[in-house]
1. Can you pull out the residues in the stretch 37-51 that are open to solvent by less than 40 Å² (accessible area, probe 1.4 Å) and touching a helix residue (DSSP H, G or I) at 6+ places or on another chain (Cβ under 6 Å)?
2. Quick one: in the stretch 128-167, of everything that is out of contact with any Leu (no Cβ under 9 Å at 6 or more places or on another chain) and at positive phi, which residue is surrounded by the fewest Cβ atoms within 10 Å (Cβ to Cβ)?
3. Cβ contacts < 6 Å: first residue within 16 Å of Glu29 (Cβ to Cβ), restricted to the stretch 153-179; second residue at pLDDT below 95, any location; separation 6+ or different chain. Result?
4. Scan the helices (runs of 4 or more DSSP H) fully inside the stretch 111-211 and keep the ones with 1 or more residues being in contact with a strand residue (DSSP E or B) (Cβ under 6 Å, 6 or more places away or on another chain), more than 29 Å from Ile2 (Cα to Cα) and modelled with pLDDT of 95 or more.
5. For the stretch 181-190, what are the residues that are in contact (Cβ under 8 Å) with a residue 12 or more places away in the chain and open to solvent by 70 Å² or more (accessible area, probe 1.4 Å)?
6. Of everything in the stretch 191-217, what is open to solvent by 80 Å² or more (accessible area, probe 1.4 Å) and of a type in the set (D, E, K, R)? Give them in sequence order.
7. It is to be established whether one or more residues within the stretch 52-74 are open to solvent by 40 Å² or more (accessible area, probe 1.4 Å), in a loop (DSSP other than H, G, I, E, B) and among the aromatic types (Phe, Trp, Tyr).
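The values are calculated or read from the model by the stated rules, or taken from the named source; none is laboratory data. These numbers come from a predicted model, not from an experiment. Note that we place each Cβ from the backbone using ideal geometry, even for glycine, and neighbour counts take in every protein chain shown. To get the accessible areas, we keep the full protein, side chains included, count just its heavy atoms, and leave off ligands, DNA and RNA. Shrake-Rupley method; radii C 1.70, N 1.55, O 1.52, S 1.80 Å.
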Amino acid sequence: MIHVKTTIDRPSADAVSRLAKFSSATIHEAQGRKGALSSRIKPIDRAMSFCGPATTVRCAPRDNLMLQVAIHYAQPGDVILASAGEYEEAGTFGDVLGNAMKAKGLAGLVTDSGVRDTQDLIELGLPVFSGSVSIKGTVKETIGPINHPVVFGDEIIYPGDVLRGDADGVVVVRKDEIEEVIRLSQERDDAERELIGLYKAGGTTIDLCNLTDVLKAKGLLVEQA
């Protein structure tokens, strides 16, 4: 098996930029409530946000050798997705590797393991999403695959799939579905903005969400004033 695949199919930068206008939750709902990574994966700072194609890497728990290799081979705009067996008690990534990624123009890091040096990473401005924060060190021992499909956060991620992360979490969009997901996300965004406008104009949840018949069928009883 070739460990490191250096040629992957990425969507256009324009498509990634257009997808980035929408929140992770909007994209998840718009594409049929799929693609949401485990809710364990959260940004180290809620202001962090990214959108980019995935460079995937599988690391052994408490071992960041292949993560460093992935940083070497990733291309500007990529998001490094590092699967490490959901091992929380290790700081597999910190400010030194963060600076290496920032210097290369990488869009962010997502890992199901732990990270450290979080204050320095926040000040650096590199989006970092992780399963935990841990000060415990790692080793550099185990070879693993880069740019092969990985199972991560209850989803299968293929290299080049687009990852969108924000304060609420991370969602994956298949690279061959990105244009359709952009269209559906825009439609959902437009509908929600219209609904918010109706609420501001005095509309109620029961009326605007068409709940009258649903509640009647379920036998909801309301005290009469």
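1. If the condition is that a residue be open to solvent by less than 40 Å² (accessible area, probe 1.4 Å) and touching a helix residue (DSSP H, G or I) at 6+ places or on another chain (Cβ under 6 Å), then Ile44, Cys51 are the ones that fit.
2. Applying the filter and picking the extreme gives Gly160.
3. Val172/Glu155
4. Hits in the stretch 111-211: 118-124, 178-200.
5. Glu187, Arg188
6. Across the stretch 191-217, the qualifying residues are Arg193, Glu194, Lys200, Asp207, Asp213, Lys216.
7. no
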